[in-house]
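First the structure, in the form of structure tokens, and then the observations on it.
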Amino acid sequence: MKLFMGMMTAGMMLLPNAASAQEVINLTVASSHPTVVPWVGMIKTHFMARTDEILAEKGDYKIEWNEAFGGTLYKANATLSSVEEGITDIGWVFSFLEAAKLPLSQVSSNTPFATANPPVLLEVMEKLLETNEAFRTEWEGHNLKVLGLTATDLYDIYTKKPLTGIADINGMKLSAPGVLGSWLRGTGANAVDGALTTFYTDVQTGVSDGALTLALGAMPIKLYEVAPYINRFDAGAAFSGAVAINNDRWETLPEEVQAAMIEAGKYYTKSHGQDLVDRHELMLNLMVKNGADQSPPVTIVPMPAGERQAWVDMLPDLAGEWAESVDAQGGQGTAFLGEYMNALRAAGEVPARDWDK
């Protein structure tokens, strides 16, 4: 009995020490966009949750997340600098709006209609980040460690009045995010720089007549209320940025935590790519359903055969101009363009235009 009581006492003495052995790490995670935007919401449901799950297997570390989603720390024009300067530890960096600082990251947005397959696009960009030193360095040079990648679903044109074809946008003002405004060159439309956080108000107030945007973004911001005609072009997917951590903060983290985040980042990227496919049609149908009773009701306007290619053919040599400008600044635009396009073709994609030739 004395031996049993002694063992119980010793065990109780050990319990507080065992509990205190777990190290709690405080990290702030933020974004300019709200969690209703799918790839932002998945930072919480996939990246953060998976990191927690992996760390819980051993129990040595626990992350206390300080969440600042939805622009509470910074807006869309400061996603890179806010992570770079440590305003947040982890954040979604919106590469569309960082063409000067992340030039190679604009390759897909300067090669429109090259792929309509988000999972393949993400796989290609993930591989390039691992194998192309110039691409990796452009992120690391801003004190960033990339953890997961993001892309878009397919782009359509949302307007107040229905289109009969691409020629109808001649003279229109269309909101578009950053570099994607170049997709309107040659069409006669005027690009109004903006983001999902501004599109609704821009259309509502007449700053623009509609928007070049994607279903997974348009649905949660209810863009269909002010631009009820979804003119369906399926204009292709584009690389849009990354979930990244401030590198100074990264280097302070234990190896076990770093490994967990790397694994969680890959899980996030893959899950996000498939989610773009799964939810694209769902979001289009949901907008039609939600806007059925408004006036005019939400309507998907299928573009006639050939209109997608007509749009592609209207565009100037966006990729060539972009590559030359990157080259002129000492970058590797032309080489990276070729590597990117070859990687897409090797993955089975058939670009609507061979931008590298």
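The values are calculated or read from the model by the stated rules, or taken from the named source; none is laboratory data. Predicted, not measured: the structure shown is a model, and the values here were computed from it. In this analysis, Cβ positions are derived from the backbone assuming ideal geometry, glycine residues included, and neighbour counts consider all displayed protein chains. Each accessible area value is taken on the protein alone, full model and side chains, heavy atoms only, with ligands, DNA and RNA left out. Shrake-Rupley method; radii C 1.70, N 1.55, O 1.52, S 1.80 Å.
Count, please, the residues in the stretch 177-195 that happen to be modelled with pLDDT of 95 or more and either hydrophobic (A, V, I, L, M, F, W, C) or surrounded by 24 or more Cβ atoms within 10 Å (Cβ to Cβ) (or both).
Matching residues across the stretch 177-195 total 5.
Inspect the stretch 336-346 for any residue being over 27 Å from residue 190 (Cβ atoms) and among the basic types (Lys, Arg) and give the result as yes or no. Lay out the reasoning, then the answer.
Taking the stretch 336-346 as the starting set, the residues that turn out to be over 27 Å from residue 190 (Cβ atoms) are 336, 338-346.
Narrowing the set further to residues that are among the basic types (Lys, Arg) leaves 345.
Taking every residue of the stretch 336-346 in turn, at least one turns out to be over 27 Å from residue 190 (Cβ atoms) and among the basic types (Lys, Arg).
Got a number for residues in the stretch 88-120 being touching a residue at least 24 places away in the same chain (Cβ under 8 Å) and either of a type in the set (Lys, Arg) or more than 17 Å from residue 238 (Cβ to Cβ) (or both)?
5
What tally of residues in the stretch 205-242 results from selecting those that are of a type in the set (Asp, Glu) and outside any loop (DSSP other than H, G, I, E, B)?
1
Which one of 330, 291, 320 is within 30 Å of residue 104 (Cβ to Cβ), at pLDDT 95 or above and surrounded by 16 or more Cβ atoms within 10 Å (Cβ to Cβ)?
Among 330, 291, 320, only 320 is within 30 Å of residue 104 (Cβ to Cβ), at pLDDT 95 or above and surrounded by 16 or more Cβ atoms within 10 Å (Cβ to Cβ).
Working only within the stretch 182-197, note down all residues that are part of a helix (DSSP H, G or I) and in contact (Cβ under 8 Å) with a residue 40 or more places away in the chain.
Result: 182, 183, 196, 197.
Just one of 198, 159, 164 is surrounded by fewer than 20 Cβ atoms within 10 Å (Cβ to Cβ) and within 25 Å of residue 314 (Cα to Cα); which is it? Quick ask: steps written out before the conclusion?
Details: 198 fails: within 25 Å of residue 314 (Cα to Cα); 159 fails: surrounded by fewer than 20 Cβ atoms within 10 Å (Cβ to Cβ).
Answer to the check: 164.
How about the stretch 229-241: which of its residues are at negative phi and either touching a helix residue (DSSP H, G or I) at 6+ places or on another chain (Cβ under 9 Å) or open to solvent by less than 10 Å² (accessible area, probe 1.4 Å) (or both)?
First pass over the stretch 229-241, keeping only residues at negative phi: 229-233, 235, 237-240.
230, 231, 232, 233, 235, 237, 238, 239, 240 - these are the residues of the stretch 229-241 that are at negative phi and either touching a helix residue (DSSP H, G or I) at 6+ places or on another chain (Cβ under 9 Å) or open to solvent by less than 10 Å² (accessible area, probe 1.4 Å) (or both).
Can you pull out the residues in the stretch 72-103 that are open to solvent by less than 10 Å² (accessible area, probe 1.4 Å) and of a type outside the set (Phe, Trp, Tyr)?
Residues satisfying the conditions are 79, 80, 82, 83, 88, 90, 91, 93, 95, 102.
If a residue has to be under 13 Å from residue 276 (Cβ atoms) and surrounded by fewer than 21 Cβ atoms within 10 Å (Cβ to Cβ) to count, how many in the stretch 118-155 make the cut?
Looking only at that region, the number is 3.
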